[in-house]
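Input: a single structure, listed below in structure tokens.
The values are calculated or read from the model by the stated rules, or taken from the named source; none is laboratory data. If you're wondering where the values come from, they're calculated on a predicted model, not measured in any experiment. Virtual Cβ from ideal backbone geometry, glycine too; neighbours counted across all protein chains shown. These accessible areas exclude ligands, DNA and RNA; they are computed on the full protein's heavy atoms, side chains included. Shrake-Rupley method; radii C 1.70, N 1.55, O 1.52, S 1.80 Å.
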Amino acid sequence: MRRAVLNVVGLSARDLSSGVMPRLAARATQGSVAKIHPAFPAVTCTAQSDYLTGKRPSEHGIVGNGWYDRTLSEVQFWKQSNRVVLTPKVWDELHAKNPKLKVANLFWWYNMGTAADISVTPRPVYKADGGKIFDIASYPQRTKELLKRELGDFPFHSFWGPRAGLPSSQWIADSARWIEEHEQPDLSLVYLPHLDYDLQRFGPADPRCDGARRDVDQLVGDLAEFLEARGVEVLIVSEYAITAVDRAVPLNKVLRAHDWLELKPEDGSLTWTLLTPRPSPSWITKLRTSSSSTPQSARKSARFCSRRPAWPRCSTLQAKRPLVSSMCVVATSSSSPTAIVGSRITGGRKDRVNRTSRAAWTSTASLATTPSNCSSTPRSVSRCSRSLGSC
């Protein structure tokens, strides 16, 4: 049997019991639900790599959405080459068993240069003069042109940033329909991030999130019914859950106050700053992953951070790839880390910090729902798909 895995980012049992997601709640009742121990750190690139490889970051090497590159002396986020992942993915295992199986990867990360038969991924064009053209990339190349001809340009500004919203997830869902109609893949992987946006903006208990829950219930419900009508078995997974917090913890400011972080002011002020990594013993790149320039400074940073009341745990990231992002600092359940580095927080920026601190990634159980007749437990997409055709 052909399968589709719909990645509804941020979905949790709390959302299904909210009363505003009746179609997905009914699926959970009529089928089966499994709680999945989430990725750590609980961020997109790590979570997706866990699913697609069946391994943890210590093996696949994806310790966050980005990290400091020793060779380039740069902090890099959201890279897209499949070679960044150090272990085989689900399609590699499937093709080894049956080269004729067709896999489509729609917007799951590290989606360039893969062995997936069909791939579509966000990919801006970076011009030589520093400009940027928002676009997508695909394999085969003609898939991109056919999708844009049928659906219009991908609404990139609703995928990232302050305007992130429903249009991007709707476009991805429509592309999944088009791929199914024209290619009939044996396994489709579909990334649908819309719910995640408002859960992070407002916090999971805020009633303003109910609009996104309703949108996702309709979007995912419609797509699942379309696929099932064509004989495709649908699995719905989530990357992580969102938890409410009430405190922002600017660890970089603390490190800077102890002369452990050096900044390069631009425009004569700290309004726009750049980290200067080489002289800086330690800094936090984003949310949870801390980078250190030497193993000694990593140990020193860990001891320092573990004494802070909002940071009860510090752990070393062990991965095959030699990374400067060598330490993971874990906040208390009511706190959220920020990457603020300036010496002062203006009124406007403080408001932004307060808004973003109402929700944070959490390591509580995320969710997977499967049809009632599926015999495999969805511990990972890789494990589920090993039985492709058997249930």
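Applying the condition of being of a type in the set (S, T, N, Q) and out of contact with any Lys or Arg (no Cβ under 9 Å at 6 or more places or on another chain) to segment 112-153 and asking which residue is most open to solvent (accessible area, probe 1.4 Å) yields Q141. With respect to (1) open to solvent by less than 40 Å² (accessible area, probe 1.4 Å); (2) touching a helix residue (DSSP H, G or I) at 6+ places or on another chain (Cβ under 6 Å); (3) under 21 Å from R123 (Cβ atoms); (4) not polar (S, T, N, Q), the lone exception for V216 is condition (3). For the subset of segment 64-103 comprising residues that are at pLDDT 85 or above and aliphatic (A, V, I, L, M), which member is farthest from A176 (Cα to Cα)? Looking at the filtered set, the residue picked out is L86. Residue count for segment 157-172, restricted to those that are more than 15 Å from V8 (Cβ to Cβ), part of a helix (DSSP H, G or I) and open to solvent by 70 Å² or more (accessible area, probe 1.4 Å): 2.
Do we have V8 as crowded, with 24+ Cβ neighbours inside 10 Å and either touching a His at 6+ places or on another chain (Cβ under 7 Å) or closer than 16 Å to L195 by Cα (or both) here? Against the criterion (crowded, with 24+ Cβ neighbours inside 10 Å and either touching a His at 6+ places or on another chain (Cβ under 7 Å) or closer than 16 Å to L195 by Cα (or both)), V8 qualifies.
Annotation note: Cβ proximity below 6 Å between a residue of segment 128-154 that is touching a residue at least 12 places away in the same chain (Cβ under 8 Å) and a residue that is among the small types (G, A, S) (sequence gap 6+ or interchain) occurs for Y139/S119; K144/S138; L147/S175.
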